[in-house]
Amino acid sequence: MSAIRPPAVPLVTVDPYFSVWSFADRLTDDHTRHWTGQRHAMTGLIRIDGTVRRFAGLVEPSAERYYPEPPAMEQTGLKVTPLSTEYAFEAGGVGLNVRFTSPLLLNDLDILSRPTSYISFETVALDGKEHDVQLYFDVTGEWCVDRPDQAVLGERVNEDGIISLKLGHEKQETVNRPGDDHRIDWGYLYLNAKESDGTTAYTGTAALRKAFVRNEELKETDLSASPSVVRDVHPVLALTLDLGSVGSTSAERLIVLAYDDIDAMEYFGDKLQAYWKRSGKTIQQAISESFSGCESVLERCAEFDKQILTEGERSGGVRYGDLLSLSYRQAIAAHKLVSDTEGDLLFLSKECYSNGCLATVDVSYPSIPLFLLYNPALVEAMIRPIVKYARSGDWPFDFAPHDIGQYPLGNGQVYGENKLEYQMPVEESGNMLVMAATTCLAGGNREYILEQMDLWEAWVRYLVEYGLDPENQLCTDDFAGHLARNANLSVKAVMGVASFSILKRLQGDDAEAERYRSIAKDMADKWSELAADGDHTKLAFGQDGTWSLKYNLIWDVLYGTELFDPEIFRSEVSWYKQRRNAYGTPLDSRADYTKADWLVWAASLAEDQADFAAIVSPLWDMLNETQDRVPFSDWTDTKTARQIGFQHRSVLGGIFMKLLKDRGSMSL
């Protein structure tokens, strides 16, 4: 089996603003891009015995202007793991490996939050000869503006033996507006390397690249004197790395990219900084720590990669391991980790390429398998902002909210203009109860969760009254529109009630725990009658001949609550296999599209790994063959592999559901 061809390759993936990808088969085929698709270029050149070739991006920054690009190195390999992307190149008797590592270690929140990402270079002679080698690498002003007609200022800020170049928008107005298809235009981008022989830094323009190609002296431009319009001047931060004579012993260099966003979020009127700043740390200290601890951090990343892939391939096969690799960094980088004014942790998602909502409950819910596996404190940190908003007095309903704003402004829900008909009462209430119970079961902070029992009680009462046979309302799959009597949404209500029973058991109230378990069991029995449609279950009660993925059933398996007859799971899995198209089983009988996260949840109902693989394997084919070169889209057509919508979303944490199931950590 050949290695997967990712639709887009993660390179620098830290948070929703600091996230840059390659949207091409080869790193030299195109400029690199922000996850939204707008160009955030980096250019990498190598001079071997006087001949220059490209290994990243392009030299000419203007699409309107012709330039005879230097030839590309031959790309001989690409490997994407959960935390790293490694390219292999060859040319002129020299091999070059370029590794991009964003150290998103979920068990170390200081490193996870630190806004730095590594790029390492390793060169070696392949022909037994000695070769004279120099590298050139730059990043552009595009990384720190929303639009290329904005202007930037740059300077050199060397400190503590580190060469550090800085670039930022001329107008520093932090968290200045909400939105979805936006790039950051506040804070500062840093390009950094250790001071060493042969390493030289430049602020300037894309003319630096052309001088390097022509073997001319590189001349620096002062970017601090006056603002440079990105589209017109093409400002860059650049490094040259003279490796000298390279033979059979490899020559290695490391650079660090960093972004200091100054303020990360507005949270109910307060501007909050990123978690890594909570003790007053400066960006220069963070950069210095990234260099001083790089060997240990990179070793830990490699070990964690191995752990995830070993467990993933054991759980679901090699193709499932590839899905985990393409999900991990994306799921985390769609969040921002901050502390609130009381010092409590907040893990705030952006609903990327959907509507930009902040801390959306039905985006958090599908993402939690990843975080329950490796740090349940982050699920608590997703719950916390919704609890705060629900208690604020500004939330008028007796069910859970949908969001707390639009990224990066979290001052209250914006979805549907807060009109009742656009709310998701059963969906969000069920989601919050499941998230609360699973946080506790996975080893999270039970004290905080149980302190919110009055909220959980209010929301479970709503589910008991309205959840079994839902009214005409939206669910998380809101793109499909309103649907009355939604059978999968009804399962959500059942499992929400079961989750409340678990919370009461953890609180020590066994009588109430048993009462709510009995209510959940009664609801499940009635559901089984209402949903039955021969060899499968219906999309909606009363709609014979319809069907849908019953992904919410997975919690009955993980909890071990045995509310539903296991034969239902077996018949559903068999049905999903029968309904497969080339690129997946549709979400339901209304359309040919599917949702990748929900498909993995539904497949995880399977008792046999072969059945799981049969349902999930078409997602691998979709990623490998789709024409849409975007970060892993969770909403795609099962017949054409085309993207319907969504990209770079945190919901890809749901791809880890099979691992969570096999870990067996969700029962009392």
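The values are calculated or read from the model by the stated rules, or taken from the named source; none is laboratory data. Note that the coordinates shown come from a computational prediction; the quantities given were computed from them, not determined experimentally. Quick reminder, even Gly has a Cβ in these numbers, built from the backbone with ideal geometry, and neighbours come from all protein chains shown.
Pick from the stretch 441-486 the residues that are among the acidic types (Asp, Glu) and in a helix (DSSP H, G or I): which of them is surrounded by the most Cβ atoms within 10 Å (Cβ to Cβ)? Within the stretch 441-486, the match that is surrounded by the most Cβ atoms within 10 Å (Cβ to Cβ) is ASP478. Within the stretch 623-642, the set of residues being under 17 Å from the mean Cα position of the chain (by Cα) and free of Cβ contacts under 8 Å to residues at least 40 places away in the same chain comprises just one member, ASP634. Taking the listed residues TYR407, TYR415, TYR448, the one that is in contact (Cβ under 8 Å) with a residue 40 or more places away in the chain and within 21 Å of the chain's Cα centre (by Cα) is TYR407, with no other qualifying. Looking only at the stretch 207-230, decide whether some residue is under 35 Å from the mean Cα position of the chain (by Cα), of a type outside the set (Lys, Arg) and closer than 22 Å to SER120 by Cα. Among the residues of the stretch 207-230, at least one is under 35 Å from the mean Cα position of the chain (by Cα), of a type outside the set (Lys, Arg) and closer than 22 Å to SER120 by Cα, which makes the answer yes. Might you let me know whether the stretch 420-427 holds any residue that is under 27 Å from ARG278 (Cβ atoms), at pLDDT 95 or above and not assigned by TED's automatic domain parsing to the domain that holds ASP261? Among the residues of the stretch 420-427, not one is under 27 Å from ARG278 (Cβ atoms), at pLDDT 95 or above and not assigned by TED's automatic domain parsing to the domain that holds ASP261, which makes the answer no. Checking each residue in the stretch 564-580 for being in contact with a Leu (Cβ under 9 Å, 6 or more places away or on another chain) and part of a helix (DSSP H, G or I) picks out ILE568, PHE569, ARG570, GLU572, VAL573, TYR576. Of the residues examined, LEU112 is not one that is of a type in the set (A, V, I, L, M), within 21 Å of VAL256 (Cα to Cα) and crowded, with 22+ Cβ neighbours inside 10 Å. Filtered by the rule that a residue be in a loop (DSSP other than H, G, I, E, B), over 14 Å from ALA211 (Cα atoms) and without any contact (Cβ under 8 Å) to a residue 24 or more places away in the chain, the stretch 48-91 gives ALA63, GLU64, ARG65, TYR66, PRO71. When each of LEU11, LEU27, LEU45 is tested for being aliphatic (A, V, I, L, M), in contact with a Leu (Cβ under 9 Å, 6 or more places away or on another chain), crowded, with 20+ Cβ neighbours inside 10 Å and not in a strand (DSSP E or B), the lone residue that passes is LEU27. Taking the criterion of being among the basic types (Lys, Arg) and outside any strand (DSSP E or B), the residues of the stretch 192-251 that qualify are ARG209, LYS210, ARG214, LYS219, ARG231.
Taken together, LEU489, LEU558, LEU503, LEU530 contain a single residue that is touching a Pro at 6+ places or on another chain (Cβ under 8 Å), in a helix (DSSP H, G or I) and hydrophobic (A, V, I, L, M, F, W, C), which is LEU489. Determine, yes or no, whether LEU345 is surrounded by 24 or more Cβ atoms within 10 Å (Cβ to Cβ) and in contact (Cβ under 8 Å) with a residue 40 or more places away in the chain. When the stated conditions are applied, LEU345 does not pass them. Taken over the stretch 30-42, the residue count meeting the criterion of being free of Cβ contacts under 8 Å to residues at least 40 places away in the same chain and crowded, with 20+ Cβ neighbours inside 10 Å is 3. Taking the criterion of being part of a loop (DSSP other than H, G, I, E, B) and either without any contact (Cβ under 8 Å) to a residue 12 or more places away in the chain or at negative phi (or both), the residues of the stretch 252-268 that qualify are ASP261, ASP263, ALA264. The number of residues in the stretch 624-659 being buried (at least 24 other Cβ atoms within 10 Å of the Cβ) and part of a helix (DSSP H, G or I) comes to 9. In a helix (DSSP H, G or I) and out of contact with any helix residue (DSSP H, G or I) (no Cβ under 7 Å at 6 or more places or on another chain): is that true of ASP621 in this structure? Yes. Could we say that VAL98 is assigned to a strand (DSSP E or B), among the aliphatic types (A, V, I, L, M), in contact (Cβ under 8 Å) with a residue 40 or more places away in the chain and crowded, with 21+ Cβ neighbours inside 10 Å here? Spelling it out, VAL98 is indeed assigned to a strand (DSSP E or B), among the aliphatic types (A, V, I, L, M), in contact (Cβ under 8 Å) with a residue 40 or more places away in the chain and crowded, with 21+ Cβ neighbours inside 10 Å. Considering the conditions (1) farther than 24 Å from ASP49 by Cβ; (2) among the small types (Gly, Ala, Ser); (3) at pLDDT below 95, GLY187 is excluded by exactly one of them, (3).
The condition of being surrounded by 16 or more Cβ atoms within 10 Å (Cβ to Cβ), assigned to a loop (DSSP other than H, G, I, E, B) and in contact with a helix residue (DSSP H, G or I) (Cβ under 9 Å, 6 or more places away or on another chain) holds for only one of ARG147, ARG183, that being ARG183. Please verify whether the stretch 169-186 includes one or more residues that are small (Gly, Ala, Ser) and closer than 28 Å to VAL98 by Cβ. The answer is no; no qualifying residue exists.
Scanning the stretch 581-616 for residues that are assigned to a loop (DSSP other than H, G, I, E, B) and either farther than 24 Å from ARG314 by Cβ or not assigned by TED's automatic domain parsing to the domain that holds LEU558 (or both) yields ALA582, TYR583, PRO586, LEU587, SER589, ARG590, ALA591, ASP592.
One residue alone among SER279, SER245 is of a type in the set (S, T, N, Q) and modelled with pLDDT under 95, and that residue is SER279. Set side by side, the residues CYS301, CYS294 differ, and just one is over 30 Å from LEU599 (Cα atoms), touching a residue at least 60 places away in the same chain (Cβ under 8 Å) and not polar (S, T, N, Q), which is CYS294. Would you confirm whether any residue within the stretch 423-433 is of a type in the set (D, E, K, R), in contact (Cβ under 8 Å) with a residue 40 or more places away in the chain and more than 18 Å from LEU358 (Cα to Cα)? Among the residues of the stretch 423-433, not one is of a type in the set (D, E, K, R), in contact (Cβ under 8 Å) with a residue 40 or more places away in the chain and more than 18 Å from LEU358 (Cα to Cα), which makes the answer no. Test ALA596 against the stated conditions and say whether it is buried (at least 23 other Cβ atoms within 10 Å of the Cβ) and closer than 16 Å to LEU324 by Cα. Yes; evaluated as a whole, the condition is true for this residue. The single residue among GLY416, GLY412, GLY393, GLY405 that is buried (at least 24 other Cβ atoms within 10 Å of the Cβ) and on the phi > 0 side of the Ramachandran plot turns out to be GLY405. In this structure, does LEU83 turn out to be buried (at least 17 other Cβ atoms within 10 Å of the Cβ), touching a helix residue (DSSP H, G or I) at 6+ places or on another chain (Cβ under 7 Å) and not β-branched (Val, Ile, Thr)? When the stated conditions are applied, LEU83 passes them.
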